[in-house]
Amino acid sequence: MRHTLLGMTNAGPSRRRFLASGAGVAAGAVGGSLLPPSAHAAVARPIRPGGLDAIEHVVFLMQENRGFDHYYGCLRGVRGFGDRNAIELPGGHSVFEQPGFLRRVKPFLARDAIGHGPLTDVNYIGGLGHGWEDGQKARGDGWHDNWIPAKLMPTMVHYDRTDLPFQYELADTFTICDAYHCSVFGPTNPNRTYHWTGTIGHEPDGRRAVENDAYNEAFHPGYDLTSYVERLTRAGRTWKVYQEWDNFTDNPLEFLTRFKRIMRAALAPAGPYRSLSEFYGAVARAEGDARTKLLDALDAGVAALPAPDRDLFERGLRRADGGTLADAFAADAAADRLADVSYIVTSAAESEHPSSGSPIQGAGITYRVLDAIASNPRVWESTALFLLFDENDGYFDHVPPPLPPADAAAEHVDGKPIGLGFRVPMVVVSPWTAGGYVCSEVFDHTSTIRFLERWLGVREPNIGAWRRTVAGDLTSAFDFRRTARPRPVPEPAAPPKFHWRWPALPPIVQQDPSVEPGTRPARPLPYRTEASARLTGDGLAVTMTERGRRASHLALYPYAGEFGTPRHFDVAGRLVERVPLKDGRYRLTLTGPNGFRREFAGSASGPAADADVTSRAAAGARRLAITVRNPAAEPRAFVLTALAYGAGTREVTVPAGGRATVDWPTEHGWYDVEVRAAGDEAFRRRLMGHLENGRPSISG
């Protein structure tokens with residue numbers, strides 16, 4: 001359970017607080033836009049040269065409990081509900097048709113849900129279960145097919161542009177990351193701890209800290225971890241946490257042993273308070289002289305701290321009066337005194353958490369932060385703002401996350417993978433990320449620290465080797481050479497009004513989600529992935545190669561019972577996985593980053609059983625060279641058919657013991673082609689993906 005403070009309850013914030021938070025969004029609705037006018041002026045200005053060195057400030061605004069599909073599944077040009085690389089569940093249904101208690105359930109809009117009517121608003125649907133155990137159950141041993149039984153609630157509910165006009169406009173104006181995952185199959189604090197330290201700690205009984213045990217602040221000893229901000233301090237870099245009396249227990253520094261010791265020493269003159277949440281709750285309830293006395297006592301305790309501890313308290317633990325966070329950040333931005341790294345920890349009402357906040361309130365605080373940065377040209381030209389979420393609550397996301405290998409012991413708890421967790425929204429706002437791009441490199445919360453590593457040169461040793469292998473450092477979301485002006489933004493709808501929270505139940509008549517048509521510009525990615533399969537004496541040899549600048553994570557799904565659960569691989573160079581056949585047949589699907597997919601099907605006794613199909617990027621152009629090899633003693637015909645990205649069929653006859661190569665066209669590097677063997681209905685190969693060439697492209 002989440003803590004509440006200052007009279008906040010699951011019934012939602014006061015009407016006054018809602019209006020104060022959302023007013024900025026409405027005020028910015030000029031010229032058909034909900035972004036602040038300062039942002040439009042800012043993106044039109046020339047870009048400061050210098051690459052990463054041009055950045056002087058990084059700001060992280062981490063919000064609460066929303067999944068990627070839940071927010072952006074309907075957005076054009078991202079890996080959402082229109083994903084061609086969506087997996088098939090055992091039994092043949094799409095991952096978008098989750099097994100329910102009485103029927104299969106498809107994703108459904110909140111405004112189409114049972115329970116929505118004149119007295120409810122889509123901004124205030126209720127929250128779902130999001131603990132470690134139900135997160136593990138939802139992933140279904142890697143099959144991704146247990147969402148509804150695990151959550152016991154309508155996990156498939158989602159929004160679209162009508163519901164989230166501000167959030168969609170942000171994505172259309174800047175860069176959205178559609179392969180950004182939370183770090184843990186679990187709740188808030190473990191995920192935020194990854195964001196601040198690069199790992200998670202251990203509970204007093206030795207268990208890994210995959211739950212919110214630290215919220216028992218009076219008795220929990222804290223986690224003996226060094227935070228990244230402490231490393232910044234030692235490196236002579238500045239940082240600051242912006243938070244109010246009500247910080248919704250979203251500052252994980254308060255749960256680290258060093259900060260807990262500092263906090264309790266500072267609180268000693270104020271009375272027997274065991275946590276800052278307890279103390280500031282008393283401050284909020286007090287009035288007049290009583291409130292002043294409490295705050296003065298805290299100031300006295302802070303003044304008595306040794307200088308290093310006092311600095312950590314002021315930067316990381318000090319909380320400001322309720323309702324002043326945005327003003328404090330704006331004042332520092334206006335005076336050009338932002339720290340190197342800023343962390344914004346919002347109140348419960350503004351956190352977007354479905355039990356206490358809402359998308360419109362999150363839009364309000366985001367608007368004000370963006371406006372503060374964009375209003376000072378000197379700050380805008382030197383600042384990167386990362387807008388992200390700690391975890392997905394219980395909301396469905398269709399993409400199975402990358403999982404660690406079995407020998408990565410530190411990445412498992414009781415044999416279960418800690419993460420990567422499910423996808424969450426991430427939008428990167430800066431002069432170098434304007435233009436409505438999508439970046440599809442795999443990231444998680446450790447990627448935020450790795451971005452700071454690249455920028456500042458301060459390394460975080462807590463980040464494990466596997467996370468560094470599977471997740472990038474977020475620099476691919478930026479284009480430091482950009483000179484083109486961003487495209488126009490669409491016209492959003494007006495903000496909704498608050499009523500009360502309600503459970504959004506699936507409609508009686510279900511329909512497939514409606515995805516916006518069109519594409520968006522795409523950032524170049526570091527992947528050059530290929531894969532093929534051929535029969536050998538001991539089964540099927542699946543060969544995976546990665547010749548790009550970083551490893552790719554691939555997952556192999558067995559649909560003919562070849563093995564029990566999907567297998568995961570981190571590929572850098574060449575890797576061969578040998579798969580035994582069951583009953584002489586095989587049907588496997590291999591998925592990877594940015595829509596990479598290979599499907600292998602066949603029979604060991606089929607006429608074309610020994611044939612194999614390989615592919616590679618053709619030299620000098622975004623064309624795919626598909627090579628069909630025929631080891632048989634007689635010629636064999638093969639038919640290649642475009643399943644997308646163009647139309648047409650090519651038939652090629654491969655001589656006995658020979659091979660033939662087909663030059664296959666792509667659309668902006670995208671391809672999806674099926675290969676069949678004449679006279680062998682079982683033999684099938686499907687090749688799908690995108691050819692990277694180091695330059696921006698178009699989403700598939």
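Give me the base-10 log of I(q)/I(0) for the range 574-700 at each q in 0.19 Å⁻¹, Debye formula, one uniform scatterer per Cα, rounded to two decimals. Computed log10 I(q)/I(0) values: -1.11.
Between the amide H of VAL424 and those of PHE68, TYR180, HIS181, CYS182, distances stay under 5 Å, these residues lying 5 or more places away or on another chain, with hydrogens modeled in the peptide plane. Computed packing ranks the peptides 602-608, 71-77 as 71-77, 602-608, most packed first, by mean other Cβ atoms within 10 Å.
Split the accessible area of the chain by element, probe 1.4 Å, and carbon with sulfur accounts for 52%.
Between TYR343, VAL673, THR257, the Cα set farthest toward the positive side of the dipole of the chain (charges on each charged residue's Cβ, about the Cα centre) is that of VAL673.
Of the residues THR238, THR188, the one with the largest accessible area comes first in the ranking THR238, THR188, computed with a 1.4 Å probe on protein heavy atoms. Couplings for the range 226-240, taken from phi via the Karplus curve 6.51 cos²θ - 1.76 cosθ + 1.60 with θ = phi - 60°, read 8, 7, 5, 5, 5, 5, 4, 4, 5, 8, x, 9, 9, 7, 7 Hz in order; Gly and Pro are left as x.
How far, in nm, would the chain grow between ARG659 and VAL576 when pulled straight, counting 0.36 nm per residue and subtracting the alpha carbon separation? Present the calculation step by step, with values, prior to reporting the outcome.
Working: separation 83, 0.36 × 83 = 29.88 nm, distance 2.18 nm.
Gain on stretching ARG659 to VAL576: 27.7 nm.
Quick check on the chain: helices-only [θ] at 222 nm, where DSSP H runs of length 4 and up contribute -39,500 (n - 2.57) each and the sum goes over total residues. Nearest 500, please.
Working: 17 runs with 157 residues, N = 700.
About -6500 deg cm²/dmol.
Each peptide among 290-297, 176-183 gets the average number of other Cβ atoms lying within 10 Å of its residues, and from highest to lowest they stand as 176-183, 290-297.
Hey, of [x] 47.1; [y] 43.0; [z] 30.7, which did the structure itself give for mean projected area of the Cα convex hull in nm² when calculated? Recomputing mean projected area of the Cα convex hull in nm² here gives the entry labelled [z].
Computed with every protein chain present, the accessible area of TYR242 is close to 10 Å² [probe 1.4 Å].
Put the Cα centre of the range 332-408 next to the Cα centre of the range 555-578 and the gap is 35 Å.
For the range 252-291 versus the range 663-700, the spacing of their alpha-carbon centroids is 60 Å. Per the Debye calculation on the range 158-208 with a single equal scatterer at every Cα and no solvent contribution, log₁₀ I(q)/I(0) for q = 0.13, 0.24, 0.29, 0.33 Å⁻¹ amounts to -0.52, -0.94, -1.05, -1.14. Contact order, relative form, for the chain: 20 percent (alpha carbon pairs under 8 Å, 6 or more residues apart, mean separation divided by residue count). Modelled label positions at ALA619 and ALA41, each set 7 Å beyond Cα in the direction of Cβ, lie 5.4 nm from each other.
In square angstrom, what is the accessible area per residue of the chain with a 1.4 angstrom probe?
Values: 25010 Å² over 700 residues.
It amounts to 36 Å² per residue over the chain.
In this simple spin-label approximation, ASP311 and HIS668 carry label points 7 Å from Cα along the Cα→Cβ vector, and these lie 4.8 nm apart.
Expressed per residue, the C-alpha convex hull volume of the range 188-278 stands at 103 Å³. For the range 161-244, the relative contact order comes to 20 percent (Cα pairs under 8 Å, sequence separation of at least 6).
For the ranges 306-315, 272-281, 337-346, 529-538, what's the packing order if you count other beta-carbon atoms within 10 Å of each residue, average per peptide, and put the highest first?
Per-residue Cβ counts within 10 Å, averaged per peptide and sorted highest first, yield 337-346, 272-281, 529-538, 306-315.
With all protein chains in place and ligands, DNA and RNA left out, the 1.4 Å accessible area ranks TRP147, TRP245 as TRP245, TRP147, largest first.
If you bin all the Cα-Cα distances of the range 218-339 at 5 Å, starting from zero, the percentages per bin are 2, 10, 20, 23, 22, 15, 6, 2, 0.
Note on the range 330-386: Cα-Cα pairs beyond 20 Å make up 30% of the total pair count. Which entries in LYS416/LYS582; LYS106/LYS137; LYS151/LYS240; LYS106/LYS582; LYS240/LYS416; LYS151/LYS260 show an alpha-carbon gap greater than 30 Å? In this structure, LYS151/LYS240; LYS106/LYS582; LYS240/LYS416; LYS151/LYS260 exceed 30 Å between Cα atoms.
Is the range 70-162 best put as rounded, prolate or oblate by its Cα gyration tensor, with a ≥ b ≥ c the root eigenvalues, rounded for a/c under 1.5, and otherwise prolate when a/b is larger than b/c, oblate when not? It would help to have the intermediate numbers written out before the result.
Numbers: a/c = 1.80, a/b = 1.27, b/c = 1.42.
It comes out oblate by the Cα gyration axes.
The values are calculated or read from the model by the stated rules, or taken from the named source; none is laboratory data. Computed from a predicted structure; not experimentally measured. With ideal geometry, Cβ positions are generated from the backbone for all residues, glycine too; neighbour counts draw on all protein chains shown. The protein model used for the area step is the full one, side chains on, heavy atoms only, and it has no ligands, DNA or RNA in it. Shrake-Rupley method; radii C 1.70, N 1.55, O 1.52, S 1.80 Å.
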